[in-house]
1. Look through region 106-130, keep the residues that are among the aliphatic types (A, V, I, L, M) and buried (at least 20 other Cβ atoms within 10 Å of the Cβ), and return whichever of them is nearest to R39 (Cα to Cα).
2. Among R243, R236, which is the only one that is under 25 Å from I23 (Cβ atoms) and modelled with pLDDT under 95?
3. For region 1-31, name all the residues that are more than 19 Å from A124 (Cβ to Cβ) and among the hydroxyl-bearing types (S, T, Y).
4. Please find, among A172, A224, A205, A211, the residue that is surrounded by fewer than 17 Cβ atoms within 10 Å (Cβ to Cβ) and modelled with pLDDT of 80 or more.
5. Within region 71-84, identify whether any single residue is free of Cβ contacts under 8 Å to residues at least 12 places away in the same chain, polar (S, T, N, Q) and either out of contact with any helix residue (DSSP H, G or I) (no Cβ under 9 Å at 6 or more places or on another chain) or part of a helix (DSSP H, G or I) (or both), and answer yes or no.
6. Given the conditions (1) under 19 Å from A10 (Cα atoms); (2) assigned to a helix (DSSP H, G or I), report the number of the one that E87 does not fulfil.
7. Within the set of pairs 6+ apart or on separate chains, which have a first residue in region 222-247 that is on the phi > 0 side of the Ramachandran plot, a second that is at pLDDT 85 or above, and C-beta atoms under 7 Å apart?
8. Do any residues in region 16-34 that are touching a residue at least 60 places away in the same chain (Cβ under 8 Å) and crowded, with 24+ Cβ neighbours inside 10 Å have Cβ atoms under 9 Å from those of residues that are basic (K, R) and part of a loop (DSSP other than H, G, I, E, B), where the two are at least six apart or on different chains, and which pairs are they?
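The values are calculated or read from the model by the stated rules, or taken from the named source; none is laboratory data. These figures come from a predicted structure and were not determined experimentally. Note that we place each Cβ from the backbone using ideal geometry, even for glycine, and neighbour counts take in every protein chain shown.
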Amino acid sequence: MAAVWRGKWALVTGASAGIGREIATQLAADGSNLVLVARRADRLVQLAGELTQRYKVRCEICVADLTRPEAPQEILRFTQEKELPIEVLINNAGFGIHGEFLRADPHRLLEMVQVNVASVMYLARLFLPAMAQRRSGYMMVVASTAAFQAVPYLSTYAATKAFDLLFAGGIAAELAEQGVRICALCPGSTDTEFQEVAGQTKRMARSKESAEKVARVGLQALAAGKPMVISGLKNRLAMESQRLAPRSWVTRAVARMFKP
């Protein structure tokens with residue numbers, strides 16, 4: 001896969017941890033230069049140092065908080081001022097909130113929609129035109145297996161990921177003839193900080209895949225031009241089997257799994 005990414009500039013949001021960090025690492029291993037985006041500057045500095053030393057690639061750090069509506073425009077301005085032609089956009093940043101909807105902090109819910117939905121759309125709108133003009137480019141949107149059905153007690157999160165999945169699929173078809181490949185990566189439970197941030201209990205974190213494996217599956221699918229990929233055989237089988245069951249039955253079953 002090295003020939004696909006070598007020498008290209010890739011921008012990775014949520015690069016400081018989890019799947020985003022693994023995607024950045026694998027892109028660097030394949031020779032890609034990186035713009036690392038996240039809120040935590042100290043983690044970005046550490047990661048940039050490691051990747052630069054190990055893989056001899058260029059790494060730029062852009063500290064940005066995607067809960068702020070202005071952040072995507074600031075990220076674009078950062079790349080323009082440094083004259084970095086972004087050829088790979090990894091829309092990975094996102095978070096979830098586990099618990100009863102009526103007890104959730106409405107401000108935090110709106111922040112989640114901003115990060116998981118609005119920033120994904122805005123970054124795509126800002127960076128994809130240049131790719132289409134060059135008739136070459138790649139974008140990954142990290143969605144979730146939660147995108148395929150309602151998930152009680154993760155209701156808003158699942159809805160945001162359904163947007164990500166459908167959005168990526170739609171514009172993948174729009175831009176295919178312009179040489180831009182777009183893929184929605186749908187992981188299941190993954191060994192990241194997600195459960196801790198979302199407030200999920202340990203009993204919900206069984207059968208987790210590694211972030212390294214999920215990142216590899218996503219990048220392989222993106223390079224191959226697949227509009228969507230589900231990471232993990234068990235996850236793929238689960239998504240296929242739930243299509244055969246009544247939606248209301250699936251929702252009640254999921255509610256029993258995720259009830260606090």
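1. Filtering region 106-130 for residues that are among the aliphatic types (A, V, I, L, M) and buried (at least 20 other Cβ atoms within 10 Å of the Cβ), the one nearest to R39 (Cα to Cα) comes out as V115.
2. Working: R243 fails: under 25 Å from I23 (Cβ atoms).
That would be R236, the only listed residue that is under 25 Å from I23 (Cβ atoms) and modelled with pLDDT under 95.
3. Answer for region 1-31, where residues must be more than 19 Å from A124 (Cβ to Cβ) and among the hydroxyl-bearing types (S, T, Y): S16, T25.
4. Every option except A224 fails the conditions.
5. Scanning region 71-84 turns up at least one residue that is free of Cβ contacts under 8 Å to residues at least 12 places away in the same chain, polar (S, T, N, Q) and either out of contact with any helix residue (DSSP H, G or I) (no Cβ under 9 Å at 6 or more places or on another chain) or part of a helix (DSSP H, G or I) (or both).
6. (2)
7. Note: pairs meeting the criteria are G225/R181; G232/G188; G232/E209.
8. Listed pairs, sorted by first residue: L27/K8.
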